[in-house]
1. Pick from 15, 2, 34, 61: which is over 13 Å from the mean Cα position of the chain (by Cα) and either modelled with pLDDT of 85 or more or surrounded by 12 or more Cβ atoms within 10 Å (Cβ to Cβ) (or both)?
2. Got a number for residues in segment 1-40 being out of contact with any Gly (no Cβ under 7 Å at 6 or more places or on another chain) and either in contact (Cβ under 8 Å) with a residue 60 or more places away in the chain or not hydrophobic (A, V, I, L, M, F, W, C) (or both)?
3. Report, by residue number, each residue of segment 9-26 that is over 13 Å from residue 40 (Cα atoms) and of a type outside the set (D, E, K, R).
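The values are calculated or read from the model by the stated rules, or taken from the named source; none is laboratory data. Treat the numbers as computed from the prediction; the structure is a model and nothing was measured. Backbone-built Cβ (ideal geometry, glycine too); neighbour counts: all protein chains shown.
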Amino acid sequence: MDIMESVPCALVMVDLVDGHSVRCVIFCANLGGDADAIGAMAGAISGKRSLSTVDRMTTVDLLMVC
């Protein structure tokens, strides 16, 4: 899979999981091929769309770190 396929695949994965960031990353990890790049893109997008889930699953104050 090349970059021309990875970006659309990441966007489809975000849409497919309907905003569930954890499910999105798990699905991407199981894709094979360019799963790391797809998971990074899709995870970033879905994580931004569901910050409350990310906040519940980490002890790091992400706003302070960033």
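1. Values: 15 fails: over 13 Å from the mean Cα position of the chain (by Cα); 2 fails: either modelled with pLDDT of 85 or more or surrounded by 12 or more Cβ atoms within 10 Å (Cβ to Cβ) (or both); 61 fails: either modelled with pLDDT of 85 or more or surrounded by 12 or more Cβ atoms within 10 Å (Cβ to Cβ) (or both).
Result: 34 is the single residue among 15, 2, 34, 61 that is over 13 Å from the mean Cα position of the chain (by Cα) and either modelled with pLDDT of 85 or more or surrounded by 12 or more Cβ atoms within 10 Å (Cβ to Cβ) (or both).
2. Within segment 1-40, the first condition is being out of contact with any Gly (no Cβ under 7 Å at 6 or more places or on another chain), and the residues that meet it are 2-20, 22-23, 26-27, 30-40.
Now drop any that are not either in contact (Cβ under 8 Å) with a residue 60 or more places away in the chain or not hydrophobic (A, V, I, L, M, F, W, C) (or both), which leaves 2, 5-6, 8, 15, 18-20, 23, 30, 32-34, 36, 39.
So the answer is 15.
3. The answer is 12, 16, 17, 19, 20.
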